[in-house]
Amino acid sequence: MQVQLKKGVMDMLVLALLTQSDRYGYEIVSTISEYIEISEGTIYPLFNRLKKEKYVETYLKESTTGPSRKYYHITVDGRAAYNQMRQEWDEFSGVINILLRGVDYNGQK
């Protein structure tokens, strides 16, 4: 179940991080990995899909510690998609939480 849950929210998590600031791939992976186990091999196809859907754009930025890094920037379409995902997540998780707490047949807690 955990694998399916991760797949279902990974786009939203990446877009959420990009609403805060532009980030390079490894930084995104590292941030998410602090909370959820993921691998770079899983996330880079996701980046490519988000770019193809025009939710993100990329640009190169020089690094003081090595080669230039590819940064991801959320687009206007990406923000709209993120807002829609977030609204759906909030509604869905709210219902799940209600059901997990327990509801009687009249809809009362």
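Quick notes on this structure:
- Based on the Kirkwood approach, the hydrodynamic radius assigned to the stretch 7-61 is 11.4 Å, with every pair of different Cα atoms included.
- Taking GluC sites (Glu not before Pro) in DSSP loop states with no more than 15 other Cβ atoms inside 10 Å as exposed sites, the chain has its longest site-free stretch at 54-109.
- The apolar share of the surface of the stretch 1-94, taken as the fraction of accessible area on carbon and sulfur atoms (1.4 Å probe, ligands and nucleic acids excluded), comes to 52 percent.
- Across the chain, Cα-Cα pairs more than 23 Å apart make up 37 percent of the total.
- Of the trypsin sites (Lys or Arg not before Pro) found in the stretch 19-59, those that fall in a DSSP loop while having at most 15 other beta-carbon atoms within 10 Å are Lys54.
- The angle between the Cα long axis of helix 40-52 and the main principal axis of the chain comes to about 90°, on a 0 to 90 degree scale.
- The fraction of Cα-Cα pairs per 5 angstrom bin, counted from 0 for the stretch 44-93, comes to 5, 19, 19, 18, 16, 11, 6, 4, 2 percent, rounded to whole percents.
- In the stretch 1-102, the chymotrypsin sites (Phe, Trp or Tyr not before Pro) that fall in loop regions by DSSP, at most 16 other Cβ within 10 Å: Tyr35
- Only lysine pairs 8 or more places apart, or on different chains, with alpha-carbon atoms under 28 angstrom apart are counted in the chain, and they number 14.
The values are calculated or read from the model by the stated rules, or taken from the named source; none is laboratory data. Quantities reported herein were computed from a predicted structural model and do not represent experimental measurements. Positions of Cβ are generated from backbone atoms using ideal geometry, with glycine treated the same way; all protein chains shown enter the neighbour counts. Calculation scope for accessible area: heavy atoms of the full protein, side chains included, ligands and nucleic acids excluded. Shrake-Rupley method; radii C 1.70, N 1.55, O 1.52, S 1.80 Å.
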